[in-house]
């Protein structure tokens, strides 16, 4: 185990310092954080703002409202007799924007808002408040507040009895397993498929001759797989932190994060199925790299493995239509599709624990068999520089092993 860990640390340190890895790992989170901070910057710029807004009531049924406040923004409202007067005031700078309420508004006609830039959340909230007060001038403030949120629903799972309030909590509860499944597919596509190139590079640099006398083939393969897995987990971890920070920044003013309910059961199964599932793909990729005779062939085989990693997406329609059907259960038990489709099923329905446990056992068993198989192939090909193993050579190597 010490030798495996030594190979893993060496592989990890060598790859984590590369410029391309650093750019891909930290560049995307920085962009996500910047994108998440933009709404805050826009909202802060409008905090405490007093905006002059004009309006044209073509219905003749709205009450005269001179001022409303919403989300730390005050809207001073000026009424105009027609659109020409409002347009002239807008062009002369007397008002910064204006709203036209059409004559058929109460029959479903849309109101039109004119401004130099897209309205932010504060402006939209202020306009909604204005329309509510203008249509119900005699009602107390609590009635208008209740109209902004007329109903609150709580969803209760029939089988587990878990209660979730409507809104973001429901989205988080449903989306978490699906997002974790997609992250697994992304990890396979970006990380595990690189294993083949790493193995071929070791062969081309002729480092096999220097280390094979002190390492068993199984130890070398396991160390390389562990090192690349640590590298991918580091990258995904940085991406996840960047994405979480971006989400917090983007929705900090509109979400109560304390009310969100994270499905920790789905997170646990994501770890139990995802880690050995990723190892399985990584070992398979290393085996393909051993079979390949050059970097180009390794990249081609890696592309095929990447397609296999994304293959579960082709079965999403089947899983969504019949989440408890025979095809969905079979795909949950198949080791190469279990991590992704099992989690997606958890977002749709209650997956029996025995199916998830069986998936875990099958993935681990397949992983153990793959390590044994790849180690035998590696032993036959470790000194064949620039040569690809043919099917006969593979069969002979397995028989001799």
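All of the numbers you see were taken from the coordinates with simple rules; none came from a lab. Quick caveat: nothing in here was measured; it's all calculated off a predicted structure. Neighbour counts run over all protein chains shown; Cβ positions are idealised from the backbone, glycine included.
Taking 0.36 nm per intervening residue step and subtracting the Cα-Cα distance, what contour gain separates residue 82 from residue 268 on full extension?
Between residue 82 and residue 268, full extension yields an extra 60.8 nm.
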Seminar exercise, completed: On the formula 1/(1 + (r/R0)^6), with r taken between the Cβ atoms of residue 357 and residue 247 and R0 of 25 Å, the FRET efficiency rounded to 0.05 is 0.20
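Among 240-246, 78-84, how do they line up from the highest to the lowest mean number of other beta-carbon atoms within 10 Å? Intermediate values should be presented prior to the final figure.
Details: 240-246: 16.0, 78-84: 13.6.
Result, highest mean Cβ count within 10 Å first: 240-246, 78-84.
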Exercise. Among 2, 146, which comes first, second and so on when ranked by fewest other beta-carbon atoms within 10 Å?
Worked result: 2, 146
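How high is the FRET efficiency from residue 9 to residue 349, r the C-beta distance, R0 56 Å, rounded to 0.05? Can you show the working numbers first?
On the way: r = 42 Å, r/R0 = 0.75.
That gives a FRET efficiency of 0.85.
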Exercise. Given Cα pairs under 8 Å that are at least 6 residues apart, what percent is the relative contact order of segment 47-145?
Worked result: 32 percent
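Using packing as a proxy for protection, rank 359-371, 274-286 so that the peptide with the highest average count of other Cβ atoms within 10 Å comes first. Present the calculation step by step, with values, prior to reporting the outcome.
Values: 359-371: 18.2, 274-286: 25.7.
The most tightly packed comes first, giving 274-286, 359-371.
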Problem set entry | Prolate/oblate/rounded call for segment 47-145, Cα gyration tensor, a/c under 1.5 rounded | oblate
Seminar exercise, completed: Pseudo-spin-label distance residue 320 to residue 26, built 7 Å along Cα→Cβ, given in nm, is 3.8 nm
